[in-house]
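The structure appears right after this line, and notes come after that.
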Amino acid sequence: MILGAAIGGALGVGGAIFGGISASKAMRRAKRMVNDQMRENQNWYDRRYNEDATQRADAQRILTRIDENVRQRNRQAAGAQAVMGGTDESVAAAKAANNDALADATSQIVANGERRKDNIEQQYNQRNSELKDQLRAIETGRAQSVAQAVQGVAQAGAGIAMMDFGKDGAATTKADSKSNSILAEAKAAYDYGR
């Protein structure tokens with residue numbers, strides 16, 4: 001009986017410690033994964049936020065089209081001046097108007113780029129906040145699992161400490177010993193009353 005009680009107590013302590021270690025390892029893996037996601041989020045933000053809006057493929061396509069249109073209009077203005085006898089000032093005015101159109105398009109692209117940056121920053125902050133919430137939850141879970149493991153060890157230790165080794169060497173808890181003495185008194189009273 002002594003050996004069985006001691007083994008049971010040791011298994012309780014061992015189980016509590018093993019459970020705590022396993023939970024701690026799982027929490028570390030989860031924390032590492034969230035930290036990796038935070039790093040990826042930061043890299044995405046750095047890459048996207050610092051892009052030059054005028055160098056994006058869609059912006060380049062628009063600027064190229066406008067530039068081709070400006071060149072074509074400038075050639076038309078020069079051709080009309082040569083055929084119809086226009087002045088150099090009229091050709092210069094047409095070129096200036098065409099260049100203004102190109103500048104306006106570039107300004108619009110930059111303004112759109114700023115709105116895009118605001119959206120990127122908002123997405124980054126939202127994702128970063130979600131990841132930080134996950135880290136807080138992991139740390140809370142980790143603290144709870146440590147507390148549960150400590151509580152399990154304490155309960156198992158208390159169970160061993162409560163053992164009462166009687167005259168015959170049998171291991172019983174103090175509560176069992178008290179119950180046994182009450183039962184013995186009840187039996188004696190019953191036997192006496194017979």
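Modelled spin labels at Asp52 and Ala103, positioned 7 Å past Cα toward Cβ, are 2.0 nm from each other. If R0 is taken as 41 Å, the Cβ-Cβ distance between Gln134 and Thr64 corresponds to a FRET efficiency of 0.40.
Shown is the FRET efficiency for Ala82 and Asn125, computed with R0 = 41 Å from the Cβ-Cβ distance and rounded to the nearest 0.05: 0.10. Measuring nothing but protein heavy atoms, the accessible surface of the stretch 102-141 at 1.4 Å probe radius is 46 percent carbon and sulfur. Efficiency by 1/(1 + (r/R0)^6): what FRET value for Arg32 and Lys117, r their Cβ-Cβ distance, R0 = 41 Å, to the nearest 0.05? Working from the Cβ atoms, E equals 0.85. Its alpha carbons give the stretch 33-149 an Rg and a Dmax of 26.5, 96 Å. Considering the stretch 39-97, its Cα convex hull presents a mean projected area of 4.8 nm².
The values are calculated or read from the model by the stated rules, or taken from the named source; none is laboratory data. Keep in mind that what you see is a predicted model, and the values were worked out from it rather than measured. Here Cβ is always computed from backbone atoms with ideal geometry, including for glycine, and neighbour counts include all displayed protein chains. In case anyone asks, the SASA skips ligands and DNA or RNA and just uses the protein heavy atoms, side chains included. Shrake-Rupley method; radii C 1.70, N 1.55, O 1.52, S 1.80 Å.
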